[in-house]
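Below: the structure, in structure tokens.
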Amino acid sequence: MLAVRLLLDQGIHVEALNFFTGFCVEGHTHAIRKRAGDRPKRNNALWAAEQLGIKLHIIDVIDDYKDVVINPKHGYGAHLNPCLDCKGFMVGKAREWMEINGFDFIVTGEVIGQRPMSQRRDTLPVVARESGAFDRLLRPLCAKLLPETLPEREGWVDREKLLGLNGRNRKPQIALAERYGFSDYAQPAGGCCFLTDPNYTSRLSDLWARRGDKRYELDDIMLLKVGRHLRPRPHFKLIIGREQGENNFLSGYRREFTHLIAASHEGPLVLIDGTAGGDDLILAARLTARFSQGRDCARVTVTVTDKTGASRQLDVTPLPNDQIRPDWYL
Amino acid sequence: MSHSELDARRLLCPLPVIRAEQRIAGLAPGDTLDILCTDPGARYDIPAWCRMHGHEIVATAQDENGELRVTVRVGAAS
């Protein structure tokens, strides 16, 4: 927001781009869970663009992004976050959009030293080079610490009115936000990508390990965001809704997975991802019962429905808590 | 003037907005589009996107299952 605002102050026409990779945290967990939450479930990029009075284009890069996640040239960060490749990819997409739509240069909110991988003095030029943006990439928040770019040399942008911020400290940005009257903005330090989340990436690693190769579809990575994931056997795992919003979301996948739900008690919708035979279904039913309101009852009736829609009922004893091995949880 | 429908049910935001932008790019000013959504965030996101791109929200209706139908009239300044 701040980088754009600095350019708007110079009378420059700016339109914003937001790339949807499928791994964006924002919105999804809120949309699935806490339906009755007190905050409106807005898209932060849309909200920010509206505050700035500019157009926002949200661009689907789900398919193109797969190669970034699966084969990052610069490797991963602490988890499965390919931050430097990701930045180069997104700026490259912005460059393509700029060229198609007749814009002159690209602006990002990057600051030298703000992030340990993708925003270092030595990696900022990598982003400019690998994206193909070169000197058409302007970072207004730290421009004074970087070589002049084309828009500065051409006089389209007044370099003197740009900033020289650096480092991880966000106080200057927060002070500037206050000066501009931005009182409500997205959390500044990461957390916007599931690929930085240890629990999520553990599930993604499990998905790849079971498939024997690193590939995914959008539904795969969406389902990794939802529910408890337990793998009691190598050949199947259970996805267990944690609350009504998640159960509703998972119910959209009922035709693609064998699923279970307690019939005699309130309980979660449970999807089986993998191949589950007779004993496996009993175990899945006992786990379904365990996570239902009948967890302390002697018997719980569980309905099992396969992908064809055929249902049957199993009367099972809920699996005792001490028989749920911690390593089943993904 | 044409009228069409976009099924964005089960899609989580921002996908309904992305699909709407893709569809509207092929429509003419004055055409109308019904967007069907189940993500509660679409109630805010689609109108916000329409406001900034010069499209008009003609109607918004929600059924008893929470399914949202947003009717958009395509503006001239897309």
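Quick note: the coordinates plus some simple rules give every number you see, no bench work behind them. Just so you know, these numbers come straight off a predicted model, no measurement behind them. Cβ: placed from backbone, ideal geometry, glycine included. Neighbour counts: every protein chain shown.
Our summary gives segment B:3-73 a relative contact order of 35 percent, counting only alpha carbon pairs under 8 angstrom and 6 or more residues apart. The distance between label points at A:ALA175 and A:THR275 comes to 6.4 nm (points 7 Å beyond Cα on the Cα→Cβ vector). Entry note, segment A:2-194: relative contact order of 23 percent, from Cα contacts under 8 Å with a spacing of 6+ residues. Does segment A:226-328 classify as rounded, prolate or oblate by the C-alpha gyration tensor (a ≥ b ≥ c root eigenvalues; a/c under 1.5 gives rounded; else a/b over b/c gives prolate, otherwise oblate)? Verdict is rounded for segment A:226-328. Beyond 21 Å in Cα-Cα separation lie the following of the pairs A:LYS237/A:LYS307; A:LYS55/A:LYS93; A:LYS93/A:LYS214; A:LYS66/A:LYS307; A:LYS66/A:LYS87; A:LYS214/A:LYS307: A:LYS93/A:LYS214; A:LYS66/A:LYS307; A:LYS214/A:LYS307. Stokes-Einstein diffusion for chain B, with the hydrodynamic radius set to the Kirkwood value over Cα pairs and evaluated at 20 °C in a medium of 1.002 mPa s, equals 177 µm²/s.
Counting Lys and Arg as +1 and Asp and Glu as -1 over every other residue whose Cβ lies under 11 Å from the Cβ of A:LEU260, the net charge comes to +2. At each listed q (0.08, 0.09, 0.10, 0.19 Å⁻¹), what is the log10 of I(q)/I(0) that the Debye formula gives for segment A:2-194 modelled as equal alpha-carbon point scatterers? Reported log10 I(q)/I(0), two decimals: -0.26, -0.34, -0.42, -1.68. Each Cα pair under 8 Å and six or more residues apart adds its separation to the average, and for chain A the resulting relative contact order is 14 percent. Per the Debye formula on identical point scatterers at the alpha carbon atoms of the protein assembly as shown, with no solvent, log10 I(q)/I(0) at q = 0.09 Å⁻¹ is -0.65.
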